[in-house]
Amino acid sequence: MAKIVIPDEWWSAPAQSSDGQLIIVTGRRNMDEIIAMRVYNYRIEVTWRYAPDASGMPDYATSVLMEQVTDAMQAAFTRDPVAIVTGIYTGAGERNWVFYTRSLHIFQRKLNEILAPLPVLPLEFYAADDPDWEEYREMRETEIAIE
């Protein structure tokens, strides 16, 4: 089987929560070929709720740890693409990572391996069938076109 090449181009744009707070959306570009493969059919959202500052963002220490988690997940899933991080939302008191995966069970095992060296984190998980990548397509609507 040929190795899957996951595009590594990203964009960021401001958005608003339902109550008007700033959310920074960071999304992965150029996923059409991966979507067309129809093998990453499950969406998993990993949420970390934190005590926000006045602007809804995490404090410095929390943001540093969040970036360590993001980097660890990116590195592991680049080496072993059982899941793909497609979006990261930060603001309004929470960070959300959105993944698409082939297997919920394998994702869970892999994520536990990734997080094992880190302190226990206040993470919540949500999983859904999303073979058409509806969440990803909705997120892409927030991308600001570069002209």
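Before moving on, here are some points about what is shown:
- Residue match in the stretch 41-51 (condition: part of a strand (DSSP E or B), of a type in the set (K, R), out of contact with any Lys or Arg (no Cβ under 9 Å at 6 or more places or on another chain) and in contact (Cβ under 8 Å) with a residue 40 or more places away in the chain): yes
- Taking the criterion of being in a loop (DSSP other than H, G, I, E, B), surrounded by fewer than 15 Cβ atoms within 10 Å (Cβ to Cβ) and more than 14 Å from the chain's Cα centre (by Cα), the residues of the stretch 10-40 that qualify are S17, S18, D19, G20, N30, R38, V39.
- Selected residue (only one of T78, T86 is at pLDDT below 95 and either closer than 15 Å to D130 by Cβ or part of a helix (DSSP H, G or I) (or both)): T78
- Cβ pairs under 6 Å, 6+ apart, first in the stretch 107-133 and under 20 Å from R49 (Cβ atoms), second in a helix (DSSP H, G or I): I114/A72; I114/M73; I114/A76; A127/L104
- Filtering the stretch 87-102 to residues that are within 14 Å of A127 (Cβ to Cβ) and touching a helix residue (DSSP H, G or I) at 6+ places or on another chain (Cβ under 8 Å) leaves W97, V98, F99, Y100, T101.
- Scanning the stretch 101-134 for residues that are within 15 Å of the chain's Cα centre (by Cα), surrounded by fewer than 12 Cβ atoms within 10 Å (Cβ to Cβ) and not in a strand (DSSP E or B) returns a single hit, E134.
- Of the residues examined, A54 is not one that is farther than 24 Å from Y126 by Cβ, outside any loop (DSSP other than H, G, I, E, B) and either touching a residue at least 60 places away in the same chain (Cβ under 8 Å) or out of contact with any Gly (no Cβ under 6 Å at 6 or more places or on another chain) (or both).
The values are calculated or read from the model by the stated rules, or taken from the named source; none is laboratory data. Keep in mind that what you see is a predicted model, and the values were worked out from it rather than measured. Ideal geometry is used to build each Cβ from the backbone, glycine not excepted, and the neighbour counts take in all protein chains shown.
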